[in-house]
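Colleague: Quick one: the structure is below, questions incoming.
The values are calculated or read from the model by the stated rules, or taken from the named source; none is laboratory data. This is a predicted model, so every value here is computed, not measured. Cβ placement follows ideal geometry from the backbone for every residue including glycine, while neighbour counts extend to all protein chains displayed.
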Amino acid sequence: MTSDWRTSAACRDTDPELFFPAANTGPAWAAQVAAAKAVCRRCPVIEQCRTFAVDGLRYGVAGGLTEQERVTHRRSRTTSGRRGTRSRRLDQVRDDRLTGRRLLEEGVRPRDVATRCGVSERTALRWAAALRQELDAQAERVS
C-alpha cells in the first residue's frame, strides 16, 4: 500500500455524486446514503477515511458516516475527554452556528437545520430570528 491511503479506497472508482445525496431527507436520501455506505463497508481503509472525514469533512457520506453522524462522533469525542478542550468545543459551536446560518440562508427549514447541525430546534429558530434581524437591519441601511 502506498503512503496515501486514498489510493486504496473502495470509492476511488465510484461516481462521487453517490456520496453527496441530492435530497436532504426522505426515501431518496436514505437510499442514496445506504448505497454510499455499502461502498464504505467493503473499503479496506475505512478507518483512515473515517478519521479524515470526522476531522475535516463537512458534507456528504465518508468513512461510512453521514454529515450528522460525523457531528455526533465529534461531539462524543469531545465529551469523552479525548479532545475535550474548551476551545475545541467553542470552535465546534461556532462551526455549527455558521453551518446553520448558511443552511437557513439557503432556505432550509429550522427543524432540518437543527437535525443537520445537531442542535435543538429552539436553537435553530433563534439562529433564524437573528438572521432575519440582521437582514432587516441591512435592508434599512440600504434604503
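Colleague: For region 1-56, which residues satisfy the criterion of being over 30 Å from Asp112 (Cβ atoms), out of contact with any helix residue (DSSP H, G or I) (no Cβ under 7 Å at 6 or more places or on another chain) and β-branched (Val, Ile, Thr)?
Modeller: Thr2, Thr7
Colleague: Any residue at all in region 71-94 that's more than 27 Å from Ala9 (Cβ to Cβ), modelled with pLDDT under 80, part of a loop (DSSP other than H, G, I, E, B) and of a type outside the set (Ser, Thr, Tyr)?
Modeller: Yes, there is a match, as at least one residue in region 71-94 is more than 27 Å from Ala9 (Cβ to Cβ), modelled with pLDDT under 80, part of a loop (DSSP other than H, G, I, E, B) and of a type outside the set (Ser, Thr, Tyr).
Colleague: Just one of Arg101, Arg109 is at pLDDT 80 or above and buried (at least 17 other Cβ atoms within 10 Å of the Cβ); which is it?
Modeller: Of the residues listed, the single one that is at pLDDT 80 or above and buried (at least 17 other Cβ atoms within 10 Å of the Cβ) is Arg101.
Colleague: Only residues that are assigned to a helix (DSSP H, G or I) and either surrounded by fewer than 19 Cβ atoms within 10 Å (Cβ to Cβ) or touching a residue at least 60 places away in the same chain (Cβ under 8 Å) (or both): list them for region 117-127, please.
Modeller: Answer for region 117-127, where residues must be assigned to a helix (DSSP H, G or I) and either surrounded by fewer than 19 Cβ atoms within 10 Å (Cβ to Cβ) or touching a residue at least 60 places away in the same chain (Cβ under 8 Å) (or both): Glu121, Arg122, Thr123, Leu125, Arg126.
Colleague: Additional query: Of all residues in region 1-60, how many are over 15 Å from the mean Cα position of the chain (by Cα), surrounded by 12 or more Cβ atoms within 10 Å (Cβ to Cβ) and aliphatic (A, V, I, L, M)?
Modeller: Here the count works out to 12.
Colleague: The conditions are (1) farther than 22 Å from Ser76 by Cβ; (2) of a type outside the set (Asp, Glu); (3) without any contact (Cβ under 8 Å) to a residue 60 or more places away in the chain, and Ala114 fails exactly one of them. Which is it?
Modeller: (1)
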